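Student: I have a structure I would like to understand better, so I am pasting it below and will then ask my questions one at a time.
The values are calculated or read from the model by the stated rules, or taken from the named source; none is laboratory data. Just so it is clear, the model here is predicted, and its values are computed rather than measured. Here Cβ is always computed from backbone atoms with ideal geometry, including for glycine, and neighbour counts include all displayed protein chains. The area values use the complete protein model at the heavy-atom level, side chains included, leaving out ligands, DNA and RNA. Shrake-Rupley method; radii C 1.70, N 1.55, O 1.52, S 1.80 Å.
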Amino acid sequence: MVLADVHGRPLRNLRLSVTDKCNLRCAYCMPEENYVWLPKGDILSFDEIAQIVDAFVAAGVDKVRLTGGEPLLRRDLPYLIAHLAAKPGIRDLALTTNGVLLAELAKALRAAGLRRLTVSLDTLRADRFVSIARRNDLHHVLSGIDAAQAAGFQNTKLDTVVMRGVNDDEIFDLLDYARDVRAELRFIEYMDVGGATRWTRDKVVSRAELLQRIATRHGPITAIPALDADAKSAPAERFALSDGTVFGIVASTTAPFCGACDRSRLTADGSWYLCLYAKLGIDLKTPLRVGESTDQLRARIERVWTARTDRGAEQRLALHDERGALLGDEDLRRDPRLEMHTRGG
Ligand code: SF4
């Protein structure tokens, strides 16, 4: 029997943050100067991660996505990937990275058993990369994408957070680049979540506007129907251009998809969040460290999931004109787990 929440949504997709640290400071996630980091001693070891994942798999999870912060900053990550890839219950193991360290790690990630990659890429201009991410690393990201292809990764996704007046003049260049490197580009609407303390509605380029602008340039766009469970619960809607180029749009801000959301997030210190907008998490580290068995953890996870009602993005949308940034600096100082870079986007 599939474990479902109050809205009938299955527990299937776990986003697993392996570190809250990042080597970039993207404006839509980490715009501030200083951050409160998770205490080192609270960060789960690989063995602890493996045990918690076993409990999630026993409860129904079969898709795991490794995130951060920037997951490639976690030392010996290929060792953890090999461990997770060997678990028969995990049907899909993926990773989201900012690509800065990808060139040197692509082969090892592939050899460890990682099969799917998503790379964040918000611009193709080095100067703009510096203004968005406050680091001069675009060349590293582009060579990382090439290295991933060379290492055998296919169907790589490229995620672009579109912000009006920042990078929305590059949507066609990014589409062309993705086509040239045989990757699939996903435009992500700028979200008012976590560290996006400077979010305003006027900076959002909506799904509707993106489709209208792309159709003006490339002609009619065909929506690709979501045929299987994976596609139906996936955050990105997919579309095709007349030349066969496929792209996606993640419209969490203007057209939320909470109805089919099978995702939850575990922070690097073992706090489980049932929704990206959730303000409270469930501590799984403490029961683990006081000796709870995998089966006891599974039972705890099942109890929580079956009571899940979260539909955060829909509630945000319902605020209409009242809508501003979800959190302020002081909220984030008080609880760093509210940060996007701590719960892994
Ligand atoms: S806002 Fe929450 S419930 Fe809605 S899709 Fe995102 S994580 Fe799922």
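Residue by residue, here is whether (1) basic (Lys, Arg); (2) over 21 Å from Gly344 (Cα atoms) holds:
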| site | (1), (2) |
| --- | --- |
| Asn98 | no, no |
| Leu101 | no, no |
| Lys107 | yes, yes |
| Arg116 | yes, no |
| Val119 | no, no |
| Arg128 | yes, yes |
| Arg134 | yes, no |
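Student: What residue, among those in the stretch 274-286 that are of a type outside the set (A, V, I, L, M) and within 8 Å of the ligand (Cβ to nearest atom), is nearest to Met340 (Cα to Cα)? Break it down into steps so the answer makes sense when it comes.
Tutor: Looking only at the stretch 274-286, we keep the residues that are of a type outside the set (A, V, I, L, M), and these are 275, 277, 279, 281, 283, 285-286.
Adding the requirement that they be within 8 Å of the ligand (Cβ to nearest atom) leaves 275, 277.
Details: Cys275: 12, Tyr277: 10 Å.
The extreme case among them is Tyr277.
Student: List, please: which pairs have Cβ atoms under 6 Å, are six or more places apart or on different chains, and start with a residue in the stretch 228-241 that is of a type outside the set (S, T, N, Q) and end with one that is open to solvent by 70 Å² or more (accessible area, probe 1.4 Å)?
Tutor: Pairs found: Ala240/Thr222.
Student: I've got another one for you. Which fully enclosed helices (runs of 4 or more DSSP H) of the stretch 287-344 have 1 or more residues being among the polar types (S, T, N, Q), open to solvent by 70 Å² or more (accessible area, probe 1.4 Å) and within 16 Å of the ligand (Cβ to nearest atom)? I'd like the intermediate steps shown before the answer.
Tutor: Values: elements: 294-305, 312-317, 329-334, 340-343.
Counting at least 1 such residues, we get 312-317.
Student: Among the residues of the stretch 259-268, is there at least one that is in a helix (DSSP H, G or I) and away from the ligand (no atom under 16 Å from the Cβ)?
Tutor: From the stretch 259-268, those in a helix (DSSP H, G or I) are 259-260; that's our starting set.
Now narrow it down to the ones that are away from the ligand (no atom under 16 Å from the Cβ): none.
Taking every residue of the stretch 259-268 in turn, none turns out to be in a helix (DSSP H, G or I) and away from the ligand (no atom under 16 Å from the Cβ).
Student: Another question about this same structure. Tell me, yes or no, whether the stretch 190-210 has at least one residue that is away from the ligand (no atom under 13 Å from the Cβ), in a loop (DSSP other than H, G, I, E, B), touching a strand residue (DSSP E or B) at 6+ places or on another chain (Cβ under 9 Å) and among the aromatic types (Phe, Trp, Tyr).
Tutor: The initial filter retains those residues of the stretch 190-210 that are away from the ligand (no atom under 13 Å from the Cβ), namely 190, 195-210.
If we keep only those that are in a loop (DSSP other than H, G, I, E, B) too, we end up with 190, 195-200, 205-206.
Cutting the leftovers down to touching a strand residue (DSSP E or B) at 6+ places or on another chain (Cβ under 9 Å) gives us 190, 205-206.
With among the aromatic types (Phe, Trp, Tyr) added as a condition, the list becomes 190.
Yes: the stretch 190-210 contains one or more residues that are away from the ligand (no atom under 13 Å from the Cβ), in a loop (DSSP other than H, G, I, E, B), touching a strand residue (DSSP E or B) at 6+ places or on another chain (Cβ under 9 Å) and among the aromatic types (Phe, Trp, Tyr).
Student: Only residues that are within 11 Å of the ligand (Cβ to nearest atom) and open to solvent by 10 Å² or more (accessible area, probe 1.4 Å): list them for the stretch 237-251, please.
Tutor: Looking only at the stretch 237-251, we keep the residues that are within 11 Å of the ligand (Cβ to nearest atom), and these are 250-251.
Across the stretch 237-251, the qualifying residue is only Val250.
Student: Inside the stretch 220-235, can you point out the residues that are hydrophobic (A, V, I, L, M, F, W, C) and within 16 Å of the ligand (Cβ to nearest atom)? Working first, answer last.
Tutor: Just the residues of the stretch 220-235 that are hydrophobic (A, V, I, L, M, F, W, C), to begin with: 221, 223-224, 226-227, 229, 231, 234.
The answer is Ala226, Ala229, Ala231, Ala234.
Student: Under 8 Å between Cβ atoms, which residue pairs at least 6 apart in sequence (or on different chains) link something in the stretch 243-257 that is farther than 21 Å from Asn155 by Cβ and at pLDDT 95 or above with a partner that is near the ligand (Cβ under 10 Å from one of its atoms) and open to solvent by less than 10 Å² (accessible area, probe 1.4 Å)?
Tutor: Pairs found: Ser252/Ala313; Thr253/Ala313; Pro256/Ala313.
Student: Which condition number in (1) within 15 Å of the ligand (Cβ to nearest atom); (2) surrounded by 21 or more Cβ atoms within 10 Å (Cβ to Cβ); (3) among the small types (Gly, Ala, Ser) is the one that Ala255 fails?
Tutor: Ala255 satisfies every listed condition except (2).
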